[in-house]
Every structure is written in C-alpha cells, then in structure tokens.
1. Give me a count of the residues in region 136-195 that are closer than 25 Å to Leu90 by Cβ, open to solvent by 30 Å² or more (accessible area, probe 1.4 Å) and hydrophobic (A, V, I, L, M, F, W, C).
2. Could you please tell me which pairs satisfy a Cβ distance under 6 Å, a separation of 6+ or placement on different chains, a first residue in region 72-90 that is within 12 Å of Val351 (Cα to Cα), and a second residue that is open to solvent by 40 Å² or more (accessible area, probe 1.4 Å) and away from the ligand (no atom under 11 Å from the Cβ)?
3. Restricting to region 428-446, what's the tally of residues that are touching a Phe, Trp or Tyr at 6+ places or on another chain (Cβ under 6 Å), in a loop (DSSP other than H, G, I, E, B) and in contact (Cβ under 8 Å) with a residue 24 or more places away in the chain?
4. What pairs can you find where one residue is in region 129-149 and under 21 Å from Lys437 (Cβ atoms), the other is in a helix (DSSP H, G or I) and open to solvent by less than 60 Å² (accessible area, probe 1.4 Å), and their Cβ atoms are less than 7 Å apart, with a gap of 6+ or different chains?
5. Could you tell me whether Thr410 is surrounded by 15 or more Cβ atoms within 10 Å (Cβ to Cβ), within 17 Å of Arg307 (Cβ to Cβ), of a type in the set (S, T, N, Q) and modelled with pLDDT of 95 or more?
6. Of the residues Arg416, Arg441, Arg448, which is away from the ligand (no atom under 13 Å from the Cβ), at pLDDT below 95 and open to solvent by 50 Å² or more (accessible area, probe 1.4 Å)?
7. So Ala78 ticks every box in (1) within 15 Å of the ligand (Cβ to nearest atom); (2) within 21 Å of Ala194 (Cβ to Cβ) but one. Which box is left unticked?
8. Quick check on region 281-302. Is at least one of its residues within 11 Å of the ligand (Cβ to nearest atom), at pLDDT 95 or above and in contact with a Phe, Trp or Tyr (Cβ under 7 Å, 6 or more places away or on another chain)?
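The values are calculated or read from the model by the stated rules, or taken from the named source; none is laboratory data. None of these values were measured; they are calculated from a predicted model. Backbone-built Cβ (ideal geometry, glycine too); neighbour counts: all protein chains shown. Accessible surface is based on the protein model in full, side chains and every heavy atom, while ligands, DNA and RNA are left aside. Shrake-Rupley method; radii C 1.70, N 1.55, O 1.52, S 1.80 Å.
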Amino acid sequence: MTDLAVANPSDTATPTRLNPPRVRLPKLVQGIGFAVFRHRAMRHWIKRYGRIFEINVPFFGRSVVVSDPALVRSVCTASTEQLVNVQPNLSNWFGPGSVIAFDGSPHRDRRRLLARAFHSQCLTNFEKVVEDETLRECANWPENKEFRVLEPMNRIALNVILRTVFGADEANRDELQQLREIIPPLIKVGQRIAFAPAPPAWARRCSPWGKLDEFRGAFDHIACTLIARAEADPRLGERTDMLALLVRSRRANGTRVSRRDICDEVLTHIAAGSENTSSALAWTFERLRRHPDVLAELVDEVDEGGRDLRRATILELLRVRTVLDIAGRRVSSSHFDLGQWRIPQGRTVFVRIADLHENPEVFPHPEKFDPSRFQGTGSATPTWLAFGGGERRCVGADPAIAEMDIVLRTVLQNFRIHTDAASDEKSYFRGVVHIPKLGGRVVVNRRR
Ligand code: HEM
C-alpha cells in the first residue's frame, strides 16, 4: 500500500522519504466517511494504515491525517511559514479580518493584540461575571424533570463572551440584547456551511449562504454601532474589553484596525468562545450523570473549597469528549518532512485530536472517563491537545477552562444532579463542534 518515493534523488544528503499510505476508495466515499461517519472511518483507517495516512476528500483535496504523538509534535512546532492555516477554513464566514484568516507575521501581530485582551488584568471581573450569569440562568431550572442542559450552557457562554468582548456598559444594553437573538441562528447556519465553497451570486439568496448574509448584515450593523460608540467614548483609554483594545490599537505603520476587521474579529471570538465552551460544558453534565463516584467526590471538594479534582475533570472531559476533533494546516514551503514522511507543498495536514486522545498507549482504557489521569499532573501536550497546538493554539484556552471551572462549581454548589445508568448520549457533529446528541439531558434538585 505504501508508495516509496525518493524525495530528491540528486541530493545525497536528503534521506529517502516515504509518501504516507493512501486510502484507496473513491473520493466521494472518503468524503462521506470524513464528513458524516468521521469517528468510525478514522478508527478503521488507523487500524488499517497506522497513525499517518492520506485521504482525498472534497473541499480539502489530498490530506494527510496524523495522530501519532511524535508526528503531532512536529506539526505543532512547525512555523507558520512552513504550515499555514488549512484552506478552506472558518474565515469563510467570519471574514478576512479574523485572526483565522492570517498567517505568518500578520497572524503573530494579531495574536499579540488578542493576548492582551485575555491578560489576567483584563479578566479581573471574569469570575464574578461567570458566576452571575450561571446563577441567573439556573434560577429557572425545573426540579425533578429531565431537561437539556446544552441551551442554558449556550446562553451562559454567550453572555460571558459578550461581556468580555463589549464590556458591561449599560449604554450597550439594547444592542447586546439584539445580539443575543441574532448570534445563535448565525452560528447554527455558519457551522453548516463552514467549509463549503460559496455558490455563485445568483444562487446565493436561496441557499443557506443567503440566510448567513442576512444574519451577518444584522450583526455588522449592531457591531458598527458599538464600535462608533467606543470610538467616541472619553473613557476608551481605561477600558479593558476586547472591542476597546481593537479600537485603540495601531499597527506598526500607525494605521488603525478597520471597522470591517473589528467586526470579523469580534464575531470570531463570540462564535468560538460560546459554541466550544458550551458544548464542552454540556458534555461535562452528560458524563457526570453517568459517573456517580466522580460526581460525589466533586461535590465534597466544592463543599470543602477545593478545586484540583474539578480541574482534572475538565481536562479529562476535553480528552474523552473532544469537542473540536481536528486541527488543520496546509504545507506552504516546498515540502514538509514529518518523521520518515515527506508531504509536498499544497497538501492539507489534519491533526486528528480525538484519535490522539483515544490512543491506548498514551491513555490506558481511553474510553473510560477517569479524571484521576490528570490529578497532580499538567495537561502534557502533545498527548493532550484539546486546544490545538503551536502558533495557532486556541487563544481562549485559559478563559475557557476558567469558565468551565466556575460554571461547574456554581452548579454543584446549588444543585444536586441525579445519577443513573442511562446509556451514553451519542455525539452529533454540527459541522464544526461535536455536541451530545440529546443536548446533555439532566435531572436536578436545588440543594437547600
Ligand atoms: C472548551 C472550549 C474551547 C475549545 C475546546 C477550543 C478549541 C480550539 C481548537 C482545537 C482550536 C484550533 C487550534 C489549532 O488549530 O491548533 C482553537 C482555535 C481558536 N480558538 Fe478555541 N477553543 C475553546 C474556547 C475558545 C474561546 C473561549 C475562545 C475565545 C474567547 C476561542 C477562540 C479561538 C480562536 C480565535 C482560535 C483561532 C486561533 C488562530 O487561528 O490563531 N476558543 N480553539
């Protein structure tokens, strides 16, 4: 199955490199496996070809899929000059001003700017904001009646990210309320067409792209109002929200970040910040319902004011239910050498995070939800890669973990979660994130 290739026969110093083994099925069949039955297809291909192989799928073309820890480390440590972002990527609908659209030094500059927004000083109120939003959302939870926890988690995460991005200024109240209504359907339709090529203009209006354009237009209108208000704010210099940082910032040549780019960037953060975190939180409750021992220990720890097990539970959850299962890159240098393999220019490289997390040599009994794996340890990349790695590692990783920690703590302080032997919820792929298919159903009682 393996094609042997001499990379450069004239160069004797270059060792012989191999092409990764190729999945030999029609492109459409591979595409269906990749898009619809990804988990099963990947397991089958790993069994057959090993932890590096090449697929050929619609939109991404010939793509090398890697889940071997050593090879993943090489992908993560490659520079963004060697490996650029995968094409197509989410800037398809976030727009060309999103950090996701940049590579090389413009990407590093934008990341530096964003890092300032997530600096601990800017997040001083974060704990209180997350706690308040959680209490507000839980106030109406029904008792002794099963309900989906995904939507409440969506609303908590959306409110938290809206306050992080736009600040908590009373003057913005109406606009934030409008955003709360527009953003969930915008994210839903955006995910469905995230990687699909846009149709020609004449067909756009009667396709999901037309719906996306409508929501996006409404979003941009509100975001521009908030940008104009921030520009005129005499206290702009003291503000620590992301919008204020973007409005104040100047590039090395003194130019401002345009309003268009700011709209793209804030949408990126609102979508990434709310959808990933709430999906991970819904999975957390789905797992705890089925793991009474872990839940009981967590409640004891909360009551005693501890947090080690809670932190370990979050890391284990992000391993056993990886909400973003793939990180993609494209080879931009003449070739990219990955261990004994040579990947030519233009080829896509997918790191299959979920398969890295399910490697029994790294995580014994990988299907088991066992937070003790992470007690007293760090997260140990590259064997744990829930936030991706290298220069494109998730910019919101620390706030996401902090948010999950505070939401979980607040819920456990206030509610008793019923446990039972319900069968595991299946995973449902929304186009970008994997969510519990039934929405993470739980039954709770208020703790008195
Ligand atoms: C549990 C929650 C989250 C998970 C599991 C998650 C996971 C990821 C992953 C796997 C990547 C791709 C990294 C790569 O390509 O190597 C990523 C990128 C990104 N994430 Fe997150 N994320 C989460 C929360 C957040 C939050 C809260 C924000 C913002 C507030 C955020 C913003 C971003 C952005 C902007 C990128 C693109 C970075 C770039 O291209 O340079 N994420 N995330």
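1. Residues flagged as closer than 25 Å to Leu90 by Cβ, open to solvent by 30 Å² or more (accessible area, probe 1.4 Å) and hydrophobic (A, V, I, L, M, F, W, C) within region 136-195 amount to 1.
2. Val86/Arg330
3. Qualifying residue count for the region: 1.
4. Val149/Ala282; Val149/Phe285
5. Yes.
6. Arg448
7. (2)
8. no
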